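Here the structure is laid out as structure tokens; the discussion comes afterwards.
The values are calculated or read from the model by the stated rules, or taken from the named source; none is laboratory data. Since we're looking at a predicted model, the values are computed, not measured. Cβ atoms come from the backbone with ideal geometry, glycine included; neighbour counts cover every protein chain shown. These accessible areas exclude ligands, DNA and RNA; they are computed on the full protein's heavy atoms, side chains included. Shrake-Rupley method; radii C 1.70, N 1.55, O 1.52, S 1.80 Å.
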Amino acid sequence: MFNDLSRRRFMLTTSALFGVSLIDQKALAAANGGHFSLGVASGSPRADQVILWTRLAPDPLNGGGMAPEPAKVRVRLARDPAMMDILIDDFVTAHAAEAHSVHFSARGLEPGREYWYQFSYGTDESPVGRTRTSDPKAGQVKIALAYCQHYESGFYAAYRDLAAWSPDCVIHTGDYIYEGDIGTLGAQMRPVGGGERRLFETVRLHNSAEIVTLWDYRNRHALYRTDPDLQSAHAGAPWIVGFDDHEIDNNWAGNTPQDPEKQTHTEFLLRKMAAMQAYYEHMPIEKPPLIAGLEASLQIYGAYRLGPAQVHMLDTRQFRSDQPCGDNRKAYCEEALSDKRTILGKTQEAWLKKSLERSKAAFNVLATQVWFTPYRYNEPPEAPVVNLDSWDGYPVARQNLSDILANDVSNPVLLTGDWHCAMASTVYQRPFDPSSKRIGHELVGGPISSGCPWARDMEQVRAANPHVSHLNGRQRGYLRTTFTADTCNAEFRVVEDVGRPDSAVLTDIELRTKDL
Ligand code: FE
Ligand code: CA
């Protein structure tokens, strides 16, 4: 079994002693069943279709370990977990150009039904995955929200708990991998402002220096994906995924990297191309990146009907203008207020407007990478100091969308990631103006494992942000949401000790948006 306790102990012991070495990972791949060391996944659930994913990788941290030849992989889908009542039995060819990944579109399925699937290659068999088609007519849907899973900053107990909940669907809003280099193992007290210090722990290590090439990005995705709890979350439910910044480079925007002085424009375009290619190779999404000249683009945004919720997965990273005023936390300079600036891009904006107009669902879920809720880091009456990488840095674009949401959109609920901090808020049509129309709510669960060194800064100014009704930057976790025709229930799950893969996971708070 890929997640039995002895293997987990083995991983812990060996990685604690030697870091993550080539030898451990070969043993790990063998323990996993050789070619299926990265597990299985499904995603992009439709009423009649779902994408099934795996990747052949007998040596996952060293390019995968496959010969360059194409490989024939058998894929089977059944109506039962024992894989007896077979509906699909087919072969797919996995190519070296796609890191021997498999993206199989299982079609002709029934809505709102569970299915099980398994891949085989030679004598190796993958774990059996469970998936579920969407059901537009269902009276209820259970959606888990996950994001920000820095590998070094914590174990994935949250994913173990998420898999046990058996959601109908998982939404991942990004920072699936982090591009940074290798840290230092151990616990550290770090200053968080105001003379206060908090504990941050590096529990395991990245496998290379900052990633730049396709080889690097593949090996980094593979490292994250060898985690047994992440594998079980993928094997347990279909995912709808969108990348944020760290899948490519911290706080990148469109064609601008975080450090334009450290890489040329062409170098960044090549890096982005490699990152998007590797992202596709490791995710249960249908389409590979489109390449035009040196520019890659990946289709992330799209709509999914899940019972009473219409999910609009947004892409707030790929088409945005660069962060204004030099990024970070600042009051607006003139640039921020320009109406030429965009966070979704014109095409996506037009698509979203139409998608919202067409939606007949009781709830309209907007899954966005970065916070829509305004948050000021200082007290009034001074001009608000805000995080310019979030929607706060794109005030005209946010106002345009707020005006749309305020008119004829049924129950908007934003499900969001990025800021390593759990949060629930009421969204008003005008930011920081509770006398303007209430247009909906934003819910952000805890980050799967990434730490929040700015939690204290946020706690200090809670009173200046009364539209935020829940804030927890001290614990990791994820969000369970349950939608019915008239209720959105949110259960904020928190990890007791992110330094232990077997940590307890508890409910911090449970709330209903209509009570906010
Ligand atoms: Fe993050
Ligand atoms: Ca981020």
query = Which condition does residue 62 not pass, out of (1) under 30 Å from residue 424 (Cα atoms); (2) of a type in the set (S, T, N, Q); (3) in a loop (DSSP other than H, G, I, E, B), if it passes all the others?
reply = (1)
ask   = So is residue 48 modelled with pLDDT of 95 or more, assigned to a loop (DSSP other than H, G, I, E, B) and either more than 30 Å from residue 137 (Cβ to Cβ) or charged (D, E, K, R) (or both) or not?
value = yes
Single unsatisfied condition, residue 153 versus (1) within 16 Å of ligand 2 (Cβ to nearest atom); (2) under 26 Å from residue 273 (Cβ atoms) = (2)
message = Please determine whether any residue of the range 188-198 is among the aliphatic types (A, V, I, L, M) and open to solvent by 40 Å² or more (accessible area, probe 1.4 Å).
response = yes
remark   = By my count, strands (runs of 3 or more DSSP E) wholly in the range 409-516 with at least 1 residues that are open to solvent by 30 Å² or more (accessible area, probe 1.4 Å) and away from ligand 2 (no atom under 16 Å from the Cβ) are 422-428, 438-444, 468-472, 477-484, 488-495, 505-512
query = Just a yes or no: is a residue in the range 145-168 over 19 Å from the mean Cα position of the chain (by Cα), charged (D, E, K, R) and not in a strand (DSSP E or B)?
reply = no
inquiry  = Taking the condition of being modelled with pLDDT of 95 or more, part of a loop (DSSP other than H, G, I, E, B) and either more than 16 Å from ligand 1 (Cβ to nearest atom) or of a type in the set (Lys, Arg) (or both), how many residues in the range 231-255 meet it?
reply    = 1
message = Just to be sure before I move on: is residue 301 away from ligand 2 (no atom under 16 Å from the Cβ), over 20 Å from residue 414 (Cβ atoms), open to solvent by 30 Å² or more (accessible area, probe 1.4 Å) and at pLDDT 95 or above in the structure I sent?
response = no
request  = Answer with yes or no whether residue 219 is more than 19 Å from residue 475 (Cα to Cα), part of a helix (DSSP H, G or I) and in contact with a Leu (Cβ under 9 Å, 6 or more places away or on another chain).
outcome  = yes
note = Taking the range 99-123 and keeping residues touching a residue at least 60 places away in the same chain (Cβ under 8 Å) and surrounded by fewer than 16 Cβ atoms within 10 Å (Cβ to Cβ) leaves 105, 108, 110, 122
message = Any residue that is in contact (Cβ under 8 Å) with a residue 24 or more places away in the chain, of a type in the set (Ser, Thr, Tyr) and on the phi < 0 side of the Ramachandran plot - is there at least one of those in the range 85-98?
response = no
note = Counting only residues that are surrounded by 19 or more Cβ atoms within 10 Å (Cβ to Cβ) and in contact with a Pro (Cβ under 9 Å, 6 or more places away or on another chain), the range 334-371 contains a total of 7
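Conditions (1) closer than 20 Å to residue 421 by Cβ; (2) within 16 Å of ligand 2 (Cβ to nearest atom); (3) in contact with a Pro (Cβ under 9 Å, 6 or more places away or on another chain), marked per residue:
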site: 172; (1), (2), (3): yes, yes, no
site: 207; (1), (2), (3): no, no, no
site: 248; (1), (2), (3): no, yes, yes
site: 268; (1), (2), (3): no, no, yes
